[in-house]
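One structure is given below, represented as structure tokens, and several questions about it will come after.
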Amino acid sequence: MFDLRNDVSGAVVSYTTPSRFSSKHSKAIATQLERAAPADLRDFERDALRLVMTRALEVHDIATARERTAPPSVRGPRNAVVAAWGAIHGALQQVATIPIDVSPDGAIASRLSLSLFPEGLAFGQGDAPAVWEHSDRLRGRIASEGLAPQLRALIHPALIESLDRAHAVLSEVMGLGAGSMPATSNASLMRARSRFAFAVSAYARALSIGLDDHDHERAERLVLAMSPIDSFRITNDKNDEEDDDGPVGPAVEPRPGDPTPPPFG
């Protein structure tokens, strides 16, 4: 806690200068700031506090999407798509064994199998994005070439429905579905963290409006309102292990051997 008898300006500078926060803490910080807010918030202060929560939820949504699309979360849906195509391929191969003098279905199935799976299931060795793209391309061909009725007549229709469901799940976890999802790159998370940090400092600036270095009462109001962030701020001697680690301000390319820069100026 600041000694407000001697360091009002230091308290103001400390809280109004953007800090760095982990994406794992953004919503918790915003919630604690709401609970610590003065009862006599002015309208512009309340608007600034509301923006803090808005920015925190942006960080929260991106971090959640990143967890959803992490390799362990994608592996199951990817494997389900490969298995679904494998079941369709296997079913066509079985029907293809029917002699032509028994039914023409054997020849039709053989032709479809060779057309859709010229290399068998080799695409199933790819990573999740490659599997998704190949699956999407095959589904597009089935739709554009009108092959669905033939497939449903030759193999169990539930196999196609299972494929559609597996593909939809993989699309969702990869952020490629019909619904909108936030970008999940390191850069997008860094930008969201920067916007959140700026919103926190902007809230502090709103609280400091009209405060001078002799106004101990309003300085205490500022410190009590902003103190929840103290234990969450990332400093030089505190390890930030997130993949999106980076400065809040404009990025500067470090030179080999340079010390880790402070979070601001």
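The values are calculated or read from the model by the stated rules, or taken from the named source; none is laboratory data. As the structure is a prediction and not an experimental result, all values here were calculated from the model. Quick reminder, even Gly has a Cβ in these numbers, built from the backbone with ideal geometry, and neighbours come from all protein chains shown. What goes into the accessible areas is simple: the full protein's heavy atoms, side chains included, and nothing from ligands, DNA or RNA. Shrake-Rupley method; radii C 1.70, N 1.55, O 1.52, S 1.80 Å.
Quick check, is V13 open to solvent by less than 40 Å² (accessible area, probe 1.4 Å) and either of a type in the set (A, V, I, L, M) or not in a helix (DSSP H, G or I) (or both)? Can you show your working first?
On the way: open to solvent by less than 40 Å² (accessible area, probe 1.4 Å): no; either of a type in the set (A, V, I, L, M) or not in a helix (DSSP H, G or I) (or both): yes.
Answer is no for this residue.
Can you tell me how many residues within the range 81-128 are among the small types (G, A, S) and open to solvent by 70 Å² or more (accessible area, probe 1.4 Å)?
Pass one, the range 81-128, residues among the small types (G, A, S): 83-84, 86-87, 90-91, 96, 103, 106-107, 109-110, 113, 115, 120, 122, 124, 126, 128.
Then drop every residue that is not open to solvent by 70 Å² or more (accessible area, probe 1.4 Å), which leaves none.
So the answer is 0.
I'd like the full set of residues that are of a type in the set (S, T, N, Q) and either modelled with pLDDT of 90 or more or within 20 Å of R20 (Cβ to Cβ) (or both), limited to the range 65-83. Show your work before the answer.
Step one: of the range 65-83, the residues of a type in the set (S, T, N, Q) are 69, 73, 79.
The answer is N79, and nothing else.
Next question. Just to be sure before I move on: is L159 over 30 Å from the mean Cα position of the chain (by Cα) and either over 30 Å from V8 (Cα atoms) or modelled with pLDDT under 90 (or both) in the structure I sent?
On the way: over 30 Å from the mean Cα position of the chain (by Cα): yes; either over 30 Å from V8 (Cα atoms) or modelled with pLDDT under 90 (or both): yes.
Judged against the criteria, L159 is a match.
Considering each residue of the range 20-42, count those that are of a type in the set (D, E, K, R), open to solvent by 60 Å² or more (accessible area, probe 1.4 Å) and not in a helix (DSSP H, G or I), and give that number. Show your work before the answer.
Let us first name the residues in the range 20-42 that are of a type in the set (D, E, K, R), namely 20, 24, 27, 34-35, 40, 42.
Filter once more, keeping what is open to solvent by 60 Å² or more (accessible area, probe 1.4 Å): 24, 27, 34-35, 40, 42.
Okay, now just the ones that are also not in a helix (DSSP H, G or I), so 40, 42.
Total satisfying the criteria: 2.
Mind telling me which of the residues E45, E67 ends up being out of contact with any Gly (no Cβ under 9 Å at 6 or more places or on another chain), part of a helix (DSSP H, G or I), of a type in the set (D, E, K, R) and open to solvent by less than 40 Å² (accessible area, probe 1.4 Å)?
Working: E67 fails: open to solvent by less than 40 Å² (accessible area, probe 1.4 Å).
Unique residue meeting the criteria: E45.
Take the range 95-109 and flag every residue that is free of Cβ contacts under 8 Å to residues at least 24 places away in the same chain and either assigned to a loop (DSSP other than H, G, I, E, B) or not small (G, A, S) (or both). Outline the logic, then answer.
Step one: of the range 95-109, the residues free of Cβ contacts under 8 Å to residues at least 24 places away in the same chain are 96-104, 106-107.
Residues satisfying the conditions are A96, T97, I98, P99, I100, D101, V102, S103, P104.
Look through R55, R78, R137 and report the one residue that is open to solvent by 50 Å² or more (accessible area, probe 1.4 Å), over 30 Å from H25 (Cα atoms) and out of contact with any strand residue (DSSP E or B) (no Cβ under 6 Å at 6 or more places or on another chain).
Numbers: R55 fails: over 30 Å from H25 (Cα atoms); R78 fails: open to solvent by 50 Å² or more (accessible area, probe 1.4 Å).
Answer to the check: R137.
Residue-wise test of (1) closer than 15 Å to W85 by Cβ; (2) among the charged types (D, E, K, R).
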site	(1), (2)
A107	no, no
S115	yes, no
P118	yes, no
S135	yes, no
L147	yes, no
Q150	no, no
L159	yes, no
S162	yes, no
E172	no, yes
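Here's the yes/no breakdown for (1) assigned to a loop (DSSP other than H, G, I, E, B); (2) in contact with a Ser or Thr (Cβ under 8 Å, 6 or more places away or on another chain); (3) within 25 Å of F44 (Cα to Cα); (4) at pLDDT 90 or above:
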{"residue": "G179", "(1), (2), (3), (4)": "yes, no, no, no"}
{"residue": "S201", "(1), (2), (3), (4)": "no, yes, yes, yes"}
{"residue": "A206", "(1), (2), (3), (4)": "no, no, yes, yes"}
{"residue": "K238", "(1), (2), (3), (4)": "yes, no, no, no"}
{"residue": "P247", "(1), (2), (3), (4)": "yes, no, no, no"}
{"residue": "P250", "(1), (2), (3), (4)": "yes, no, no, no"}
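Something else now. Please work out if V169 is touching a residue at least 40 places away in the same chain (Cβ under 8 Å), of a type outside the set (K, R) and surrounded by fewer than 18 Cβ atoms within 10 Å (Cβ to Cβ).
On the way: touching a residue at least 40 places away in the same chain (Cβ under 8 Å): yes; of a type outside the set (K, R): yes; surrounded by fewer than 18 Cβ atoms within 10 Å (Cβ to Cβ): yes.
When the stated conditions are applied, V169 passes them.
Has the range 111-134 got any residue that is closer than 21 Å to S162 by Cβ, at pLDDT below 95 and among the acidic types (D, E)?
Looking through the range 111-134, at least one residue is closer than 21 Å to S162 by Cβ, at pLDDT below 95 and among the acidic types (D, E).
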